[in-house]
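I have placed the structure first, in the form of structure tokens, so that the comments after it can refer back to it.
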Ligand SMILES: NC(=O)c1ccc[n+]([C@@H]2O[C@H](COP(=O)([O-])OP(=O)(O)OC[C@H]3O[C@@H](n4cnc5c(N)ncnc54)[C@H](O)[C@@H]3O)[C@@H](O)[C@H]2O)c1
């Protein structure tokens, strides 16, 4: 049996052990879905506090009920640990560590670098490794692949490496980890095949793409689309305010167009760590900004206008 066939068999019969590195907004919901799909899951986090809390059957993530964590801890399906050596037991590793902004406003890759070092130190033949953190195109191949190869593991033959962007939307009552389609791009065709099979066992729809770079750019396109449109609608709110027109009336009327328009509403900022990092990732990679002002992240400018618009709206037409 080849390495690919062996891993696929373990995925199919759920004897694969799944690890999740980073048990935050992204990692904990994924870990819970993997438990629900029938895997034994090792959650590795550097935070003693987070691991202790989870092992007590509590939850620090609003979308994950404590009862769900407690059930999987009690049954032995879920372990939260700060012991990196436990990653050696895993057949699959999904990395969901933060990519915040550094003081210099560059993407702070130190968490991804540190997690990559840890995973590489415990990697073994037959392991699937997937990076999920929002990042610049090229990260999977530039940061993870050399670390695995330094251990003598050939990507695509001994180990399988892919990028799969996380799309979690905390607090969304409709879309959660299981029913949000997941894009997967592997370093080789075998990597994409194994990563697709793994996520298909847990998530309703998986969308394979041809490379990790394509998958990395999917996330940046999605976040850029969101930032640009929030910036646009915040500018429209300012224009409407100056003209004495109700922005909500304009948005609601525009949203009746059945094609070529997607409704965005004014707000104090774009929200979400992934979105905030995106503009900086672009600047870091492209070296310059295309806008002089960032309307999408300007609470000082947009909050007073939103307040006015909302109070107008609550008064009715
Ligand atoms: N939160 C969102 O809405 C959202 C949405 C889409 C994408 N993302 C992206 O997903 C990634 C994870 O974000 P998050 O919101 O889950 O972060 P988070 O801060 O909620 O959780 C990250 C966890 O990783 C742990 N951690 C940090 N370094 C570690 C290491 N070296 N090894 C193991 N654990 C480590 C932290 O202790 C923390 O518990 C980021 O790249 C983010 O941009 C987040």
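The values are calculated or read from the model by the stated rules, or taken from the named source; none is laboratory data. These numbers were taken from a predicted model, which means no experiment stands behind them. With ideal geometry, Cβ positions are generated from the backbone for all residues, glycine too; neighbour counts draw on all protein chains shown.
Within the range 123-137, residues that are under 15 Å from residue 98 (Cα atoms) have Cβ atoms under 7 Å from residues that are away from the ligand (no atom under 14 Å from the Cβ) and in a strand (DSSP E or B) in these pairs: 130/162, counting only partners at least 6 apart in sequence or on another chain. No other residue among 67, 84, 90 is assigned by TED's automatic domain parsing to the domain that holds residue 148, near the ligand (Cβ under 10 Å from one of its atoms) and under 25 Å from residue 15 (Cα atoms) apart from 84. Just to be sure, is residue 122 more than 27 Å from residue 61 (Cα to Cα), surrounded by fewer than 24 Cβ atoms within 10 Å (Cβ to Cβ) and within 13 Å of the ligand (Cβ to nearest atom)? Answer is yes for this residue. Restrict the check to the range 145-156 and report whether at least one residue is in the same structural domain as residue 198 (by TED's automatic domain parsing) and in contact (Cβ under 8 Å) with a residue 60 or more places away in the chain. Scanning the range 145-156 turns up no residue that is in the same structural domain as residue 198 (by TED's automatic domain parsing) and in contact (Cβ under 8 Å) with a residue 60 or more places away in the chain. For the range 195-212, residues that are within 21 Å of residue 137 (Cα to Cα) and touching a residue at least 24 places away in the same chain (Cβ under 8 Å) total 8. Answer yes if at least one residue in the range 18-26 is within 12 Å of residue 177 (Cβ to Cβ), within 16 Å of the ligand (Cβ to nearest atom) and buried (at least 24 other Cβ atoms within 10 Å of the Cβ), and no otherwise. Among the residues of the range 18-26, at least one is within 12 Å of residue 177 (Cβ to Cβ), within 16 Å of the ligand (Cβ to nearest atom) and buried (at least 24 other Cβ atoms within 10 Å of the Cβ), which makes the answer yes. Against the definition (away from the ligand (no atom under 16 Å from the Cβ), modelled with pLDDT of 95 or more, crowded, with 18+ Cβ neighbours inside 10 Å and closer than 19 Å to residue 128 by Cβ), how does residue 31 come out, yes or no? Considered against the rule, which asks whether it is away from the ligand (no atom under 16 Å from the Cβ), modelled with pLDDT of 95 or more, crowded, with 18+ Cβ neighbours inside 10 Å and closer than 19 Å to residue 128 by Cβ, residue 31 comes out as no. Entry remark, the range 235-246: residues being outside any helix (DSSP H, G or I) and either buried (at least 18 other Cβ atoms within 10 Å of the Cβ) or touching a residue at least 60 places away in the same chain (Cβ under 8 Å) (or both) number 1 in total. Taking helices (runs of 4 or more DSSP H) as the structural unit, those lying wholly within the range 1-118 and holding at least 2 residues that are in contact with a strand residue (DSSP E or B) (Cβ under 6 Å, 6 or more places away or on another chain) correspond to 27-36, 48-55. Within the range 127-143, the set of residues being closer than 30 Å to residue 2 by Cβ and within 10 Å of the ligand (Cβ to nearest atom) comprises 131, 132, 133.
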